[in-house]
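Read the structure below first, then the notes.
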């Protein structure tokens, strides 16, 4: 996870749109990112998702309908997202949120490819 540098863009607004299941983050450099709850969940910076090394990362499956139930500030550098599936251990720093926004298309395509290669799905198994 990237650290906050003195030149890092800072969020000016974070808004959870519950109907569309999107978190909108506006930064002080003018960038505006719309990040789905599913995308934020599968790219959680927590050790439970990322592991302690890339080899330990855990592919998140069945997260299509996950929602964010709360957004809690953590100091002046991050937010903690509380998800409807009980996940709440990732701290999303401003730099990490900005990176997720900048690389959203590539990261999402990578996620979908990893799901397909693993024979898994975005939908929950019944």
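Derivation of every value follows stated rules applied to the coordinates shown; laboratory data play no part. Computed from a prediction, not measured in an experiment: that's the story for all the values here. Counting neighbours? That spans all protein chains shown, and the Cβs are built from the backbone with ideal geometry, glycine included.
Some values worked out for this structure:
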| quantity | calculated |
| --- | --- |
| For the chain, calculated [θ]222 nm from helices alone, where every DSSP H run of n ≥ 4 adds -39500 (n - 2.57) | -7000 deg cm²/dmol |
| Rg/Rh ratio calculated on Cα atoms of the stretch 64-126 (Kirkwood radius) | 1.03 |
| Extended-chain gain in nm, criterion 0.36 nm per residue less alpha-carbon gap, residue 34 and residue 99 | 22.2 nm |
| Extension gain, residue 13 back to residue 64 (0.36 nm per residue minus Cα-Cα distance, nm) | 15.9 nm |
| 0 to 90° range, to nearest 10: angle between helix 104-117 axis and the chain longest Cα axis | 20 |
| Highest to lowest packing among 92-100, 115-123, scored as the average C-beta count within 10 Å | 92-100, 115-123 |
| Segment residue 56-residue 106, length gained on full extension (0.36 nm per residue, minus Cα span) | 15.9 nm |
| Cα→Cβ-extended label distance, 7 Å offset, between residue 71 and residue 123, nm | 3.0 |
| Over the stretch 1-75, relative contact order from alpha-carbon pairs under 8 Å, at least 6 apart, % | 21 |
| Relative contact order of the chain, pairs being alpha-carbon contacts under 8 Å that are 6 or more residues apart, as % | 23 |
| Spatial extent of the chain: Rg and Dmax, with the Cα atoms as the point set, Å | 14.3, 47 |
